[in-house]
Amino acid sequence: MTDPLRTFVPLAWRNVWRNPRRTAITLIVVAVGLWSILFFNSFMIAWMQSSKDTALQILTGSGQIHAEGFMDDPNIDLVMEPPGPDLRTALEHNDVSGWTMRLGLPAVILSEYKTLPVTLTAVDPIGETAVSILPQKVVEGRYLADRNDDGIVIGLHLAEQLKTGVGRRVIVMSQSADNTMSERSFDVVGLFDSDQATEDFFAFTGLAAAQSFLGLDNQISELVFELQEEAPLEDNIDRLKAAAPALDVRSWKDLNLLLATTDAFMGSIIFIWLGVVFALMAIGIINTQLMAVFERMKEFGLLRALGMKPRLVLLMVTLESAVLIGIGVLIGAFIAALSIWSLSDGLNLSRWAQALEMIQGGNVLYPDYHPESFVLFSLIIWVLGILVALWPARKASKYSPVEVMRRDT
């Protein structure tokens with residue numbers, strides 16, 4: 001007994017396989033439980049990233065800058081001048097991958113069949129390519145050529161409602177700089193495919209063309225910027241606020257509250273799932289280990305009769321549980337890695353595209369390995385599994401030779 005671990009580890013390994021059926025049940029419980037946690041975690045991270053890419057790369061970007069009060073009451077009286085030297089320098093920072101100017105104002109769009117409200121969004125097509133994927137979503141016709149392009153690009157669903165299409169004309173009405181109603185006809189030059197909200201409520205034209213239409217000089221309503229992937233969001237927001245203290249600088253988390261709430265809650269969901277899975281695993285582990293202890297009652301009584309102390313019996317049974325649960329953890333991690341690898345080309349969810357639009361989800365998910373999650377959750381399951389198995393181990397350590405003899409008689 002001078003070196004219990006050297007003695008008990010080989011013994012624990014042998015005892016694990018004494019009852020193959022019970023061992024198999026425990027391994028399945030642990031492996032499936034850990035697999036579900038690791039795969040679900042990878043799936044949720046992929047879903048969240050896809051949702052962010054889909055929602056933010058259409059219009060929102062990493063953040064936006066407006067005149068104070070514009071977000072509460074978007075109107076032509078709250079437009080702003082193009083960025084000054086300080087703000088322009090801040091936007092040219094290495095953390096910013098791109099930025100652009102827009103003019104977005106409430107408007108009404110008319111066809112010969114219907115009248116609908118929209119946000120007329122005037123853009124610089126070249127700048128948009130750095131912050132938005134919408135130019136790539138034009139499925140019929142073309143996108144805008146330059147700032148002076150006076151064509152209009154609308155969503156497929158909006159075109160369907162207006163009963164119009166590429167090559168047709170629509171009328172757009174909006175408030176002008178002199179507070180009168182401006183009206184102008186636009187040729188529909190392209191149709192884009194996006195989520196229904198964007199298709200229904202946004203129409204795009206050239207920035208300079210819209211400024212001329214509304215009687216503005218160079219004024220804009222917003223600046224949109226996109227940060228590098230690893231750039232700290234809050235630090236850059238604070239830096240931009242310092243460069244433009246009179247303007248309203250907001251991150252995507254303030255602009256898209258649903259997505260921000262989902263993103264914040266995502267970390268909690270996996271731990272809730274961890275709790276549910278572990279509760280089920282604990283039931284299986286306790287049941288199988290208790291059965292093993294009851295069946296080996298004579299063995300434990302004999303060991304006690306030969307002089308083995310209760311703490312050594314506890315150590316021996318705990319080591320058996322540690323080895324068994326450890327094997328299950330390794331199997332579960334391997335199956336999870338294999339499952340994620342099998343989806344490396346992407347998981348296509350386009351058949352549920354309409355439902356995903358409602359929750360701003362992407363159509364293709366790319367689950368990926370997250371080594372820190374594999375290590376963390378595997379360790380949690382292994383440690384918690386050992387702690388659960390301490391109860392059957394403690395019962396085994398309490399058996400005495402006299403008690404065993406009485407039960408035999």
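Nothing in this text is a laboratory measurement; each read-out follows from the coordinates by a stated rule. Keep in mind that what you see is a predicted model, and the values were worked out from it rather than measured. All Cβ positions, even for glycine, are placed from backbone atoms using ideal geometry, and neighbour counts span all protein chains on display.
About the Cα centre, and with charges only on the beta carbon of Lys, Arg (+1) and Asp, Glu (-1), how big is the dipole of region 69-245? Nearest 20 debye, please.
For region 69-245, the charge dipole is close to 700 debye.
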ask   = What is region 159-256 by shape, rounded, prolate or oblate, if you read a ≥ b ≥ c off the alpha carbon gyration tensor as root eigenvalues and call it rounded for a/c under 1.5, prolate for a/b larger than b/c, and oblate otherwise?
value = oblate
note = Heads up, region 69-245 by the C-alpha gyration tensor (a ≥ b ≥ c square roots of eigenvalues; a/c under 1.5 rounded, else a/b over b/c prolate, else oblate) looks prolate
request  = Could you list which residues have their amide H under 5 Å from that of Arg142, counting only those 5 or more apart in sequence or on another chain, with H placed in the peptide plane?
outcome  = Gly190, Leu191
query = Extension gain His93-Leu387, at 0.36 nm per residue separation less the Cα-Cα distance, in nm?
reply = 100.7 nm
query = Quick one: if you stick a label point 7 Å off each Cα along the C-beta vector at Lys241 and Ile380, how many nm between them?
reply = 3.2
note = Taking a crude spin-label model, label points 7 Å out from Cα along the C-beta direction, the Asn19 to Ser342 distance in nm is 3.2
ask   = Among Val96, Leu233, Thr164, whose Cα sits farthest toward the positive end of the charge dipole of region 69-245 (+1 at Cβ of Lys/Arg, -1 at Cβ of Asp/Glu, about the Cα centre)?
value = Thr164
query = Where does the Debye-calculated log10 I(q)/I(0) of region 52-159 sit at q = 0.19, 0.24 Å⁻¹, using only Cα point scatterers of equal weight, no solvent?
reply = -1.23, -1.62
Positive dipole terminus of region 216-289, leading residue within Leu255, Val224, Gly284 (C-beta point charges) = Gly284
task = Please find the FRET efficiency linking Glu230 to Asn75, where r is the Cβ-Cβ separation and R0 is fixed at 41 Å, and quote it to the nearest 0.05.
result = 0.65
note = Given Cβ charges of +1 for Lys and Arg and -1 for Asp and Glu, the option among Thr23, Asn75, Thr60 whose Cα lies farthest towards the positive end of the dipole of region 10-79 is Thr23
query = Listed here are the pairs Lys137/Lys241; Lys52/Lys114; Lys52/Lys137; which of them are more than 27 Å apart at the Cα?
reply = Lys137/Lys241; Lys52/Lys114
